[in-house]
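Okay, so here's the structure we're looking at.
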């Protein structure tokens, strides 16, 4: 008879096509630096700004996938 045999989920990899989508955000200009003494502070501040913008891009893209418009 047609008794299904349970198989582990990762027994055979099943290839599938994934459509790649690239998202480009607004340009973030680097700050004008007055002296070398505050270099670490400027770099850390810029890193936090870039990290926040990337987080917003991810959130906006993921929300758009499920039909929520958060523009």
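The residue 49 and residue 22 beta-carbon pair, evaluated with R₀ = 30 Å, returns a calculated FRET efficiency of approximately 0.90. Note on 55, 16: ascending count of other Cβ atoms within 10 Å places them as 16, 55, the fewest first.
Label positions at residue 42 and residue 59, each projected 7 Å from the Cα along the C-beta direction, are separated by 2.9 nm.
Packing, as the average of other Cβ atoms within 10 Å across residues, places the peptides 42-54, 20-32 in the order 42-54, 20-32, highest first.
Read the figures in this text as sums done on the coordinates, not as results from a lab. This is a predicted model, so every value here is computed, not measured. Backbone-built Cβ (ideal geometry, glycine too); neighbour counts: all protein chains shown.
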